[in-house]
Amino acid sequence: MHHSIKVNLTLHAVPFLLLLCYEIIIKSADSLICWQCISDDCANDPSDNYKASKKVCSVGQSCQKVHFEMYSPTDKRKYFSTVRGCASNCESKNDFENCTLELFNSRGCVEKHCCENIDLCNMASDLTFHAHVFLSIPLCHVIFYNILW
């Protein structure tokens, strides 16, 4: 009788454990790691910038680096900014290729670089498995082996 209770619990636990292993292993592989930097010196190499950090993006997001420049005739000053981070529906563009003086002196020009499926924008392999994924595979194996056998 004790054995049948274990079998019933096992049969109910298998779908849950399969889902848990899927979430840990597959979803982790889909998450992209990007540089996150919103500061005055984010144009600098993020690996040497203490203000930059690595951020795990939500599934489906891309990494982006946005550089902005404009001139204010009122202030007689040039403004520029570079930010890095995760973005949804990111599309690369480069206003600087066709940036007119009128555009530069009004709303400014933007260069946005988007990259997908590459951690830290070309600094890692196409598909990076994180340490917790490698630790999760043996854990899932042990759980299934003990439950099913």
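The values are calculated or read from the model by the stated rules, or taken from the named source; none is laboratory data. None of the values given here were measured: they were computed from a predicted structure. A quick note on method: Cβ atoms are made from the backbone with ideal geometry, for glycine too, and the neighbour counts reach across all protein chains shown.
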**Message:** What's the number of the only condition in (1) at pLDDT 90 or above; (2) surrounded by fewer than 16 Cβ atoms within 10 Å (Cβ to Cβ) that ASP41 fails to meet?
**Reply:** (1)
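With the requirement that a residue be aliphatic (A, V, I, L, M) and over 12 Å from the mean Cα position of the chain (by Cα), what does segment 37-60 give you? Quick ask: steps written out before the conclusion?
First pass over segment 37-60, keeping only residues aliphatic (A, V, I, L, M): 38, 43, 52, 56, 59.
Once the filter is applied, which keeps residues that are aliphatic (A, V, I, L, M) and over 12 Å from the mean Cα position of the chain (by Cα), segment 37-60 yields ILE38, ALA43, ALA52.
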